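A quick write-up on the structure given underneath.
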């Protein structure tokens, strides 16, 4: 039995869950400091690993021992740390080493990337509208609208949103239809995974549709990087950004990452700063900006070493999952994630008839978390937290449960479903207020 088997000899017993854990034959959980109870909220914030702690401590020691000389004498030197981490991340997102850099925050990257490619679209005589979808995480729309306003464009007219048929998912066919109906779309900007339902979108199909329409294709990979292998270069995506504090477990406020297709290297980004200047002449302090001939040009300010250092250790975890091969590691983690989410979906079906699964059942259409829907979803999530089962809630009725492949096992999944069953049977959730809320 292996992690990618589709529930061999499944049954809903606790004994089966323990047997699956024993049969898996590998785990990374001993590398993590996981809170007591059951932590299934790694799609919001992953826990600290010993590896991330180690690389953060190393940089702190370099700061103490080397001070400013850490920029040149750190191991690796801090001056090129964003590019160094980008090269290590490249196998996870399926890109060339020079197409990836660690830089800025995710929202800042949305601003600079969408702004850059709106300008590219204008220069090429393409459309001036941006195609998004109604189920996006709000910050993406905030940033796109801001970039449209900066160009004197009315966001209400130039932001085109694809509607969902069921309030949970987006059909790629509807994206294609929206492109056909909107000849003035110049940039498509979509998530890889919808943050509520956990639907995994087909990036290759979306990119092809955008390019066939003479539009540029960009993606927000925040809810997939670290749990889903990507092939950005192979599908010919133009740009992408993501965070590292979710599945990659790099800590709150961890610096983000971005990808820019090699075709676009040499462009002047929409938001320029000295850290994106070509490295060879950066300290000549010229007032004329010369962009790095790589994704590194989209760096803005000095790399924040203390929020970047944990990423290095987090990448060591992925490499360990693949026995020294980062790409093999992310593929193995994906297989384990699929097995865990498949098991969770089956248990919800079997043991929680009051709940619905809002996540696609097709394993190739599923990200790393499962949307468990219940009319009293908020109160249910609060009752779970009171029992040291950490989940999160998304309005109107979604309890997101994330069996992270890094540190969650089948027995943990069984226990979480069992806790939900006990709460619903006892009515324990009814003592909590009805309200909405949550964090990213």
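If you go through the stretch 66-110 and pick out every residue that is surrounded by fewer than 24 Cβ atoms within 10 Å (Cβ to Cβ), within 24 Å of the chain's Cα centre (by Cα), more than 16 Å from residue 296 (Cα to Cα) and touching a residue at least 60 places away in the same chain (Cβ under 8 Å), you end up with 2. Restricting attention to the stretch 395-437, the residues that are closer than 24 Å to residue 226 by Cα and surrounded by 20 or more Cβ atoms within 10 Å (Cβ to Cβ) add up to 17.
Screening residue 337 with (1) assigned to a helix (DSSP H, G or I); (2) in contact with a helix residue (DSSP H, G or I) (Cβ under 8 Å, 6 or more places away or on another chain); (3) buried (at least 23 other Cβ atoms within 10 Å of the Cβ) gives one miss only, at (2). The set of residues from the stretch 280-306 being touching a helix residue (DSSP H, G or I) at 6+ places or on another chain (Cβ under 7 Å) and either under 30 Å from residue 405 (Cβ atoms) or not in a loop (DSSP other than H, G, I, E, B) (or both) comprises 282, 291, 295, 296, 297, 298, 303, 305, 306.
Exactly one residue among 74, 46 is out of contact with any strand residue (DSSP E or B) (no Cβ under 7 Å at 6 or more places or on another chain) and closer than 15 Å to residue 248 by Cβ, and that residue is 46. Residues in the stretch 327-360 that are closer than 19 Å to residue 11 by Cβ and free of Cβ contacts under 8 Å to residues at least 60 places away in the same chain: 345, 349, 353, 357. For residue 396, the stated conditions hold: it is assigned to a loop (DSSP other than H, G, I, E, B) and more than 18 Å from the chain's Cα centre (by Cα).
I'd like to check something: does the stretch 344-352 contain any residue that is outside any helix (DSSP H, G or I), in the same structural domain as residue 415 (by TED's automatic domain parsing) and touching a helix residue (DSSP H, G or I) at 6+ places or on another chain (Cβ under 8 Å)? Yes, there is a match, as at least one residue in the stretch 344-352 is outside any helix (DSSP H, G or I), in the same structural domain as residue 415 (by TED's automatic domain parsing) and touching a helix residue (DSSP H, G or I) at 6+ places or on another chain (Cβ under 8 Å).
Here the condition is being surrounded by fewer than 20 Cβ atoms within 10 Å (Cβ to Cβ) and either within 14 Å of the chain's Cα centre (by Cα) or more than 24 Å from residue 300 (Cβ to Cβ) (or both); of 236, 220, it holds for 236 alone.
The values are calculated or read from the model by the stated rules, or taken from the named source; none is laboratory data. Just so you know, these numbers come straight off a predicted model, no measurement behind them. Cβ coordinates were reconstructed from backbone atoms using ideal geometry, including for glycine residues, and neighbour counts include every protein chain displayed.
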